[in-house]
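The values are calculated or read from the model by the stated rules, or taken from the named source; none is laboratory data. For clarity, every value in this text was computed on a predicted model and none was experimentally measured. So basically every Cβ, Gly included, is an ideal-geometry build from the backbone, and we count neighbours across all protein chains shown. Side chains are part of the model used for accessible areas, which takes the heavy atoms of the whole protein and leaves out ligands, DNA and RNA. Shrake-Rupley method; radii C 1.70, N 1.55, O 1.52, S 1.80 Å.
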Amino acid sequence: MADQWSSSPDVHLGWSPGEGRTGLADAIRTAIRDGRWRPGAPVPSTRALAHDLGIARGTVTRVYTDLAAEGYLLISQGAPTRVATAVARPQPPPRRPPGTPESRWTLRPGRPDLSTFPRDAWSSATRRVLQRAPADLFGYSEPYGTLALREALARYLGRSRGVLADPGRILICAGFTHAISVLSHALLDLGSRELAFEDPSMWMFRDIVAAAGQLVVGVPVDDDGLQVSKVDSPAVMVTPAHHYPLGVTMAPSRRTALVKSGTMIIEDDYDGEFRFDRQQVGALQALAPERVVYAGTASKTLAPALRLSWLVLPQSLIDPVFAAFSASGARPSAVDQLILAELLESGAYDQHVRRCRTEYRRRRDQVVAALPDHLAVQGISAGLQLVVRLPCEDEVLAEARRRSLDLETLGPHWIDQGEREGGIIVGYGAPAKHAFSGTLATLVEVLAAVT
Ligand SMILES: Cc1ncc(COP(=O)(O)O)c(C=O)c1O
């Protein structure tokens, strides 16, 4: 089997042992995308590939498992592992009224620990950028994002999230909030008037999309993510790596079915860097770069105040989206873009993300350990928030207010209010490090008082 496989010129992977497990996964992704490993064809057995490459069989098994999770391979019990058939070739909660005092404790979801902002790295990067920047930097810059940031992101997204990103397809926006508005207008200009959202999903983005003139429809989510068979809209917004707010991950079969469905997909990869129990599942975008708009943001990894996010666009959407972006009138600061590019290229960004990942993982574990046994935590070990299911969310919210704890419930996130289940979203990323244990203790008191 090994000889038969290795003697075929079609399966040459161009991989050397020095490139390790990540390099092997990349080589196989490339072989699949290039069509050298054909859709539907059986792949070499783990034993044969390990033998041929001179590496441990376990290494190959782990690579295959990861690639199956990303939708590249189909692993079935008792049958040969195959290349998936859908892989494409490259081509609201109330606002605090003004004047109301801040709560003492916060577990508001969607926020990183602002005290971790890498001030020193940002300052040194600023100095380096200003020392070498031409005076032109302070003028009206390249409209769709500085080339330096688009190039740095193309490299970063490829290596960290498996995104197929060409700088020419990247658009820098003022946060995902801006990006989703721009996309809604662009789709409308193309005659696409209905955008499906996961139910539940972030209410604020639905409001923005609806304000742009799109009809918003809900598609239910279960433990395997979006129920893809129920999507019947020309476009859909998804959070496949870590569903917001339920925290589940989209099952490989659903990922494959979604990219095959013909709908235009907006992939909100808002916290893809933060997976704790295993290596992150790569972005959906790489499965079908012509069907998926990939969206990322600096709001979770660095700070929401930067208002920096990015879209990687299918070729067919570049002109309409760039036109809608120009019409939106907003442009993120070119100076901040260059500083972010400098952080990405110097390795300081990765270092910061690694540090935050360790901290958020520790916090998540502490929350899970502190919760009473009868309360179930939903979702995978990832991100900056988790959901605790309980029927009495309004009572919990009221008790939290009494104890000066800022918390959010699932309530406003449901589209079909008839289907809603109770729960709270615990944003363990938000507290400053020194306040975390006090915040957690307050949460435990709130839950004990109500449940
Ligand atoms: C699900 C989700 N996606 C994306 C974002 C990022 O939005 P922005 O880039 O506008 O800060 C958030 C922020 O809270 C979010 O909750």
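Could we say that Glu142 is in the same structural domain as Phe322 (by the TED database), out of contact with any Gly (no Cβ under 9 Å at 6 or more places or on another chain), modelled with pLDDT under 95 and part of a loop (DSSP other than H, G, I, E, B) here? Steps first, please.
Details: in the same structural domain as Phe322 (by the TED database): yes; out of contact with any Gly (no Cβ under 9 Å at 6 or more places or on another chain): yes; modelled with pLDDT under 95: yes; part of a loop (DSSP other than H, G, I, E, B): yes.
When the stated conditions are applied, Glu142 passes them.
Per the conditions (1) at pLDDT below 95; (2) farther than 18 Å from Leu375 by Cβ; (3) crowded, with 19+ Cβ neighbours inside 10 Å, the sole criterion not satisfied by Glu393 is (2). Consider segment 273-304 and keep the residues that are in contact with a Phe, Trp or Tyr (Cβ under 7 Å, 6 or more places away or on another chain) and of a type outside the set (S, T, N, Q). The one that is farthest from Arg161 (Cα to Cα) is Ala303.
Quick one: would you say Gln280 is in a loop (DSSP other than H, G, I, E, B) and away from the ligand (no atom under 11 Å from the Cβ)? Yes: the conditions hold for Gln280. Among the residues examined, Tyr360 does not qualify as within 29 Å of Asp136 (Cβ to Cβ) and either aromatic (Phe, Trp, Tyr) or within 16 Å of the ligand (Cβ to nearest atom) (or both).
Could you please find all residues in segment 403-432 being loosely packed, with under 13 Cβ neighbours inside 10 Å and modelled with pLDDT under 95? Walk me through it before giving the result.
We begin by selecting, within segment 403-432, every residue loosely packed, with under 13 Cβ neighbours inside 10 Å; these are 416-419, 432.
Asp416, Gln417, Gly418, Glu419, listed by residue number.
For beta carbons closer than 7 Å, sequence separation of 6+ or different chains, a first residue in segment 378-404 that is β-branched (Val, Ile, Thr) and a second that is open to solvent by 10 Å² or more (accessible area, probe 1.4 Å) and assigned to a helix (DSSP H, G or I), the qualifying pairs are Val396/Val450. Being in a helix (DSSP H, G or I), among the hydroxyl-bearing types (Ser, Thr, Tyr) and open to solvent by less than 20 Å² (accessible area, probe 1.4 Å): is that true of Ser233 here? Criteria not met by Ser233.
A Cβ distance below 9 Å, combined with a sequence gap of six or more or placement on separate chains, defines the contacts here; from segment 144-161, residues that are within 12 Å of Gly296 (Cα to Cα) and charged (D, E, K, R) reach residues that are open to solvent by less than 30 Å² (accessible area, probe 1.4 Å) and in a helix (DSSP H, G or I) in the pairs Arg161/Gln285; Arg161/Ala286.
Among the residues making up segment 302-319, a single one is out of contact with any Asp or Glu (no Cβ under 6 Å at 6 or more places or on another chain), assigned to a loop (DSSP other than H, G, I, E, B), surrounded by fewer than 21 Cβ atoms within 10 Å (Cβ to Cβ) and not small (Gly, Ala, Ser): Arg307.
Per-residue answers, yes or no, for (1) among the basic types (Lys, Arg); (2) open to solvent by 30 Å² or more (accessible area, probe 1.4 Å); (3) within 15 Å of the ligand (Cβ to nearest atom); (4) within 18 Å of the chain's Cα centre (by Cα):
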{"residue": "Pro109", "(1), (2), (3), (4)": "no, no, yes, yes"}
{"residue": "Pro112", "(1), (2), (3), (4)": "no, no, yes, yes"}
{"residue": "Arg119", "(1), (2), (3), (4)": "yes, yes, no, no"}
{"residue": "Leu130", "(1), (2), (3), (4)": "no, yes, no, no"}
{"residue": "Ala154", "(1), (2), (3), (4)": "no, no, no, yes"}
{"residue": "Phe176", "(1), (2), (3), (4)": "no, no, yes, yes"}
{"residue": "Phe197", "(1), (2), (3), (4)": "no, no, yes, yes"}
{"residue": "Gln214", "(1), (2), (3), (4)": "no, no, no, no"}
